[in-house]
Amino acid sequence: MAEKKSAKTRRGREKNGKNGASAQNQDKTPLLDTLLSHAKRKVVSFHTPGHKNGRGIDKKLASYVGREIFQLDVTVFPEVDSLHDPTGPIKKAQELFAHAYGVEKTFFLVNGSSVGNMAMIMSACRPGESLIISRNSHKSTLGGIVMSGVWPIWVQPTVDQNLDILFDSSPEQIEQALKRFPEAKAVFVTSPTYNGVATNLKRIADLCHARGKLLLVDEAHGAHLKFHPSLPMSAVDAGADLVVQSTHKTLSAISQGSVLHFNSKLIDPSRVKRIISMLQTTSPNYATLASLDLARWQMMGEGRKILDKLIQNCDRARGQINQLKDFTCLTRATMQGRGYDLDATKLTINVTRTGYSGQDISEMLTKDYNIQVDAADLFNLIAITGTGTDRSDLDRLVAALTELDKIKQGAAQNWVLNIPSLSTELVMNPRDVFLLYRSKRVPLRKAIGHISAQPLTPYPPGIPVLIPGERVTAEIVDYLEDLNERAVRVSGQEAEELKTVRVVATH
Ligand SMILES: Cc1ncc(COP(=O)(O)O)c(C=O)c1O
């Protein structure tokens with residue numbers, strides 16, 4: 001019986017993956033197996049880390065998690081392989097991962113998609129070249145811009161002012177930017193966004209490749225897309241050159257466990273490898289690496305089944321939330337109507353009709369219902385689901401919202417984001433601002449005419465009003481003062497209130 005079942009699972013593993021991803025030997029977990037067999041041998045450790053297979057871990061933690069897990073926390077030696085120069089089980093695990101996603105190479109990352117974004121930009125662009133990139137890209141992209149010395153060409157995302165949903169780069173916007181800046185070396189797109197909104201990556205890839213440009217995709221929130229036909233097309237299937245995924249965000253890898261996929265004729269993989277190696281620790285956590293191996297194995301075997309259930313449960317919860325009086329949940333049909341797609345496993349719940357802010361509702365969910373959402377702003381809650389979410393979790397969320405639906409406070413808030421179209425002028429390369437110049441803090445109004453040495457990003461909507469290297473204008477200061485008065489949080493501000501801004505001082 002057991003044999004029958006494992007043969008069936010193996011066959012599933014061979015069939016899994018969208019668009020016929022080959023699954024040769026996908027029932028193996030070479031890195032996890034190596035670590036488990038090493039742990040069983042109870043080797044006397046004269047290597048780092050100092051806790052020595054968990055023996056040195058204080059009982060405050062050990063009594064809760066046990067000591068076994070720490071036996072997987074080893075260092076680089078031939079048996080377990082080296083992340084920076086893999087020749088053994090890490091190499092095999094990366095090859096299986098690449099096979100599963102149908103790409104040429106996969107590199108394991110132990111500092112999340114953050115390090116992957118930096119590596120993608122540094123691999124694709126050299127100092128003085130330019131990169132087309134959406135202005136609301138994750139903050140890690142600024143690190144990539146600074147370290148590569150590239151000139152960013154910003155694409156302004158469209159904002160739905162009532163829903164506070166950002167629409168990242170559409171094919172039309174990218175085409176326009178490519179026509180206006182034919183010298184751009186590459187295009188950087190985030191899809192799906194934090195809200196699960198996916199752009200038409202296939203069209204964007206075609207636009208880029210017809211002009212010999214590289215397409216880099218931040219797919220931090222889309223490691224699962226490859227494994228189900230009812231989800232938006234994954235960046236690897238769309239033909240992107242480099243793709244970053246946080247395997248830990250939606251699949252079962254441990255936090256930080258992420259990957260960078262390479263699938264390009266336009267760039268040398270050894271350059272990508274050298275850059276990743278430059279950015280990563282020499283002491284990677286092997287449990288995190290093994291969890292990548294296992295997450296891939298799990299998805300190749302059971303992915304379709306797990307996602308079938310998850311999508312069904314999310315759609316059901318979405319439907320129930322949309323029956324409520326004051327809460328609404330973003331739907332795929334709405335997004336498709338606007339030329340985008342939606343990852344059904346993300347629940348973006350609008351709260352404006354309740355009279356409360358998203359932060360208020362989030363606090364109530366935490367305090368009164370023991371539910372923690374991933375993020376909340378003035379308008380929305382973002383509930384992220386994953387392979388570990390089950391129906392009862394979603395039932396709990398719906399039940400809590402059903403109760404909260406009855407406690408409306410006063411009139412519905414009619415919050416509308418009046419975002420002025422601020423014209424910005426990039427006068428210095430962000431790398432020069434960071435590396436060559438000192439900076440100083442000056443009162444907001446006195447900063448007019450100076451060059452910003454910091455990013456300032458109001459939430460909502462999460463689009464920076466200033467980027468290092470841009471000129472501070474009276475119009476921008478007026479807007480920042482207005483945000484200050486309305487107590488809108490501005491990421492990057494250095495005190496409770498946004499009274500000063502850091503500007504470029506001397507060489
Ligand atoms: C769109 C996007 N890209 C990249 C990242 C960074 O991912 P990680 O936390 O894996 O470093 C995040 C994190 O939330 C994100 O939302």
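The values are calculated or read from the model by the stated rules, or taken from the named source; none is laboratory data. All of these numbers come straight from a predicted model, not from anything done at the bench. Cβ: placed from backbone, ideal geometry, glycine included. Neighbour counts: every protein chain shown. Note: accessible area is taken over every heavy atom of the protein model, side chains too, but ligands, DNA and RNA are not part of it. Shrake-Rupley method; radii C 1.70, N 1.55, O 1.52, S 1.80 Å.
Below is a table of values for the structure above.
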quantity: Where segment 150-214 is the region considered: accessible area per residue in Å², 1.4 Å probe; calculated: 39 Å²
quantity: Kirkwood-type radius of segment 146-228, with distances r between different C-alpha atoms, in Å; calculated: 13.8 Å
quantity: Anisotropy class of segment 217-368 from Cα gyration tensor, a/c 1.5 cut; calculated: prolate
quantity: Distance between segment 264-329 and segment 175-194 - C-alpha centres, whole angstrom; calculated: 24 Å
quantity: E481 paired with D308, simple spin-label distance in nm, labels 7 Å along Cα-to-beta-carbon; calculated: 6.2 nm
quantity: Distance in nm between pseudo-label sites at E494 and S45 (7 Å out along the Cβ direction from Cα); calculated: 4.2 nm
quantity: Among 190-201, 249-260, the order from most to least packed when residues are scored by Cβ within 10 Å on average; calculated: 190-201, 249-260
quantity: Kirkwood-based Rg to Rh ratio, segment 258-337, C-alpha trace; calculated: 1.17
quantity: Segment 420-507, relative contact order in percent, only Cα pairs under 8 angstrom and at least six apart counted; calculated: 41 percent
quantity: Low-density loop positions, GluC sites (Glu not before Pro), segment 138-194 - DSSP coil, at most 13 other Cβ in 10 Å; calculated: E183
quantity: Within the accessible area of segment 157-222 (1.4 Å probe), percent carbon and sulfur; calculated: 50 percent
quantity: Cα coordinate range in segment 437-500, projected on the principal axes (Å, largest first); calculated: 31, 21, 19
quantity: Simple label model, 7 Å out from Cα along Cβ direction - S230 to R338, nm; calculated: 2.3 nm
quantity: Convex hull (Cα only) mean projected area of segment 65-186, reported in nm² to one decimal; calculated: 11.9 nm²
quantity: Mean Cβ count within 10 Å, highest first, over the residues of peptides 293-303, 352-362; calculated: 293-303, 352-362
quantity: Relative contact order (percent, whole number), the chain, Cα cutoff 8 Å, 6+ residue spacing; calculated: 14 percent
quantity: Percentage, to the nearest whole number, of Cα pairs in segment 376-507 over 25 Å apart; calculated: 43 percent
quantity: Accessible surface of segment 446-507 [probe 1.4 Å, protein heavy atoms]: carbon and sulfur percent; calculated: 49 percent
quantity: Accessible area of segment 29-128 belonging to carbon and sulfur atoms, whole % at 1.4 Å probe; calculated: 57 percent
quantity: Aspartates and glutamates whose Cα lies under 15 Å from that of K309, excluding same-chain neighbours fewer than 8 positions away; calculated: D343, D390, D393, D395
quantity: FRET efficiency for A474 and D160, using Cβ-Cβ distance with R0 set to 41 Å, rounded to 0.05; calculated: 0.90
quantity: Full-extension gain in nm, R55 to E172, via 0.36 nm per residue minus C-alpha separation; calculated: 36.3 nm
quantity: Peptides 36-46, 330-340, 85-95 ordered by average Cβ neighbours within 10 Å, highest first; calculated: 85-95, 330-340, 36-46
quantity: Backbone N within segment 29-46 under 11 Å of label point (7 Å from H84 Cα along the Cβ vector); calculated: none
quantity: Hull shadow area, averaged, the chain [alpha-carbon convex hull, nm²]; calculated: 26.1 nm²
quantity: Residue-averaged 222 nm ellipticity for the chain, from DSSP H runs of 4+ at -39500 (n - 2.57), nearest 500; calculated: -11500 deg cm²/dmol
quantity: Length added when fully stretched, T75-E104, from 0.36 nm per residue minus Cα-Cα; calculated: 7.7 nm
